Amino acid sequence: ANGKYEHALGIALEAQETNKLKDILLSSGPDTSLLKYALQSSIKIVTSKAFRQEALKVIAECLEKILNETTKTASVDLIVVYQLLGNADSVADVLARLLNGSEEDALLGFQLCFDLVDSGDQAFVTRVAKRLQATTPEGENSTKARWAQADKVMVGGFSSELALSFLHKHSNADRLIMETVKKSLEERGSGGRSSLLHNAAVITHSYLHAGTTNDAFLRDYLDWMKKASNWAKFSATASLGVIHAGHITEAMHLLQPYLPANPADDTDGGGSPVAPSGGYAEGGSLYALGLIHGSHPGSNAEKRKETADFIRTHLRASHANEVISHGAALGVGLTCMGSGELAVVNELKELIDTDSAVAGEAAGMAIGMVLMGTGAGSINNSLPPQDKEEIMELVSELKNYAHETQHEKIIRGISIGLALMQYGQEENADAFIEDMRSDRDPVLRYGAQYALALAYCGTGSNKAIRILLHTAVSDVNDDVRMASVIGLAFVLFKTPERVPQLVKLLLESFNPHVRYASCVAVGIAMAGSGDPESIALLEPMLDDMTDYVRQGALIGTSMLYMQQSDTSNGRRVRSFRERLASIISEKHQSTLTKMGAILSTGILDAGGRNCSLMLGSRNGFTKMTSAVGLVLWLQHWHWYPMMHMFSLALTPTYTIGLNKDFKFPKKFEVVCNAKPSAFAYPKKLEEKKEEKKKRVETVTLSTTAKEKARLARKRAKEGGTSMDVEKEETEKKEAEDKDEKMEVDKEEEEEKKIKKKREPEPTSFRVGNPARITTA
């Protein structure tokens, strides 16, 4: 009665009273600000998913009422509500209403389409697009064109094209970084022969150029690439998929030289039989195809379907060769992500039944990718009704298989697959996870930690944190403890500052696995923030006694420093970069630490310095692709080819202004009220410095000078000729040195001049369109 609606609303949410909630919202005469508050509260405060769904339905009802009066603000919230409810048809109806409206409404509709794609739930977006196509209006061409544009954004791969062209044109990748890594590894004694470090370097190259389609370095150093053999060859071929992520139009053409021969040439379905051995490049190329189509959530649905079918033919034909079937399984998982198709799942299940360790691991994970977020195996799930029973049966078969098989790899694949299915299920998955957590087999318990992390991803749920922390200190298995600590970063990514506080004590744990996990967890949660406190936490870990803890600390710190300009954190980024370079070239560092330093070099400047690690989308959803990409990337601890999954978690950070025809307007600029240096790209390495160093090295010591003089006198006695030659040489050298010095001095003078001009740095600057934007 007193109009204190917020208080009443809070009580209704706490008491989980849906009817009261409805009364309160309606009696406020649905007030927009109150509805917004109700929406935010039910997302952040309500812990039970079942009640939240009820509350959201009530909020949707009220928003529908307002929608007719004020279309704009209500429709934005309404779409968020329906997306949270997973109600694709209603989302499509709201979009249709906007597209039918005025020009401004239509523009808002387009923006909302981009936001939908941004949340990374491909299957949901496809459902919305299908429904929207069904409502296409007859008649007027202008509105029909709007429908076509909305379709282009959602399933036509338009946002993926924008990202690709941005990353390609605005790439700021520094080729010298890769050159120095390669040079350091080739020096004697610093691990040039270690295939592990070579593999890490190839993967770092793919991180540096992820999505930029720039593979010039590999083409220039083909011989260096060819050093990779066996699984390293598989990884090297697959790394092309990371570099060309989203480059759908050219995918087949690029990988043509590596793809396996077509299996179904003859009419009877025969064709070239698959050889049981070899096939590393072929398997890698199928995996690369998956990465190209699966990395960007907004890639073209039609093309993705074609590729999935192509890879599936190889999957069916390659059971004899575990390498090719491994690549094909991962490729299928990436291209059919979240689709929940029964036929695909059955094909992957057949591969597991061959009981091949390597192929089975990939198939287990791939089943998880296909059934991602459907909650298969739990009672409350979102499986398509026609296949529900079969898929539930299949999941229970998988669990039994994990208990029966001898291969740890297959058990791990299945347990990670089961974890992916529980994505975003919250308490619906509790019974399923509890079952896995209490298993005797540590590998299944390991999967349970990731299942918990994904089920409660971004909810900040206290229950999940309690379980994870308890496991982190009580489980007998190191891997399980490690997984549970990393899980904290996923659950808390929306309030990342809580992770360093929680992990502070774990960083001092006597167990190196827990220390490693703590470093990585801080890195994932605070990625790209450059937060000085987190960096101070990780700094002592860089000198830890255990080599892989140092590796974790390097990787964690490089995630924190992603996209930070040179001025960040009191210019400490610079010294961190130098430290990475020195670790790589040190002879006495352990291989694992070196591997960490090499990978960190790639993570630091990922995607041409235009990408960051983001688990959340613009409007507060968890990015499905990023969360899954990171969980799969973390499996590189057991299996190196999983390192490529990092490209799923990389999000290009840019702002792009488009007009209603989806063209770039010419005079569109954004003003940024900060000094340009605060968000500038880090300075590229310079070769000049190395030359200077060389010159310093050739300083002659007094003893050598005396020695030379003595020799010269000796020679002079023998005959004056050699002396002249030496004189000429030294004169030449001096002249060259002078020239170089002159050049360097000139450059320095020029620099000084520029610096003098630069002194008062502007306090704001304009960025063009499109432009890279990083978090402040």
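Counted residue by residue at 0.36 nm each, then reduced by the alpha carbon distance between them, the extension gain from Arg579 to Arg440 reaches 45.7 nm.
The long axis of helix 103-118 is offset from the longest Cα principal axis of the chain by roughly 70 degrees.
If I take every Cα pair under 8 Å that is 6 or more residues apart in segment 463-516, average their sequence separation and divide by the length, what percent do I get for the relative contact order? Provide the component values of the computation, followed by the final result.
Values: 43 pairs, mean separation 17.7, N = 54.
The normalised contact order for segment 463-516 reaches 33 percent.
Computing Rg and the Kirkwood Rh from the Cα coordinates of segment 419-567 gives a ratio, Rg/Rh, of 0.98. Excluding ligands, DNA and RNA, the accessible surface per residue across the chain is 45 Å² with a 1.4 Å probe.
Remark: the Val767-Asp23 segment gains 263.0 nm on full extension, using 0.36 nm per residue and subtracting the alpha carbon distance.
Think of the chain as having a plus end and a minus end, set by charges on the Cβ of Lys, Arg, Asp and Glu; of Thr249, Asn511, Tyr401, Asn511 sits farthest toward the positive end of this dipole.
Where the accessible area of the chain is counted over protein heavy atoms with a 1.4 Å probe, how much of it, in %, is carbon and sulfur? That fraction is 51 percent. The average projected area of the chain, computed from the convex hull of its Cα atoms over all directions, is 42.1 nm².
Counting only DSSP H runs of at least 4 residues, each contributing -39500 (n - 2.57), and dividing by the residue count of the chain, the helix-based mean residue ellipticity at 222 nm comes to -20000 deg cm²/dmol. Between rounded, prolate and oblate, where does segment 590-644 land on the alpha carbon gyration tensor, with a ≥ b ≥ c its root eigenvalues, rounded for a/c under 1.5, else prolate if a/b exceeds b/c? Because a/c hits 1.5 or more and a/b fails to exceed b/c, segment 590-644 counts as oblate. In this Cβ point-charge picture (+1 for Lys and Arg, -1 for Asp and Glu), the chain has a dipole of about 2680 debye about its Cα centre.
Using r as the Cβ-Cβ distance of Glu186 and Asp353, and R0 as 51 Å, what FRET efficiency do you calculate, to the nearest 0.05? That pair, Glu186 with Asp353, gives E of 0.70. Using 0.36 nm per residue and subtracting the Cα-Cα separation, the extra length available between Glu302 and Ala705 on full extension is 137.7 nm. In the chain, the longest principal axis of the Cα atoms and the axis of helix 49-67 are about 80 degrees apart.
Considering only Leu502, Leu613, Thr567, and ranking their Cα positions along the charge dipole of segment 474-619 that arises from unit charges at the beta-carbon of Lys, Arg, Asp and Glu, the one farthest toward the positive end is Thr567. As an equivalent ellipsoid, segment 292-419 spans semi-axes of 21, 19, 12 angstrom, where each value is the square root of five times an eigenvalue of the C-alpha gyration tensor, largest first. Simple rule: put +1 on each Lys or Arg Cβ and -1 on each Asp or Glu Cβ in the chain, find the dipole, and look at Ser356, Tyr207, Gly279; the Cα lying farthest toward the positive end is Tyr207. Using a ≥ b ≥ c from the Cα gyration tensor of segment 116-215 (square roots of the eigenvalues), is it rounded, prolate or oblate, where a/c under 1.5 gives rounded and otherwise the larger of a/b and b/c decides, a/b for prolate? It is prolate, given that a/c is not under 1.5 and a/b is the larger ratio. Can you give the charge dipole size of segment 322-408 about its Cα centre, rounded to the nearest 20 debye, using +1 on the beta carbon of Lys and Arg and -1 on the beta carbon of Asp and Glu? That gives segment 322-408 a dipole magnitude of about 320 debye. May I ask for the angle, rounded to the nearest 10°, between helix 71-85 and the longest principal axis of the chain, with both axes built from Cα atoms and the value confined to 0 to 90°? Its long axis makes an angle of about 90 degrees. With 26 Å as the limit, the listed pairs Lys57/Lys494; Lys169/Lys684; Lys44/Lys399; Lys303/Lys623 have Lys44/Lys399 beyond it between alpha carbons.
The values are calculated or read from the model by the stated rules, or taken from the named source; none is laboratory data. Values in this document were obtained by computation on a predicted structure and should not be read as measured data. For neighbour counting, all protein chains shown are included, and Cβ atoms are generated from backbone atoms with ideal geometry for every residue, glycine included. Keep in mind that these areas ignore ligands, DNA and RNA; they rest on the heavy atoms of the full protein, side chains included. Shrake-Rupley method; radii C 1.70, N 1.55, O 1.52, S 1.80 Å.
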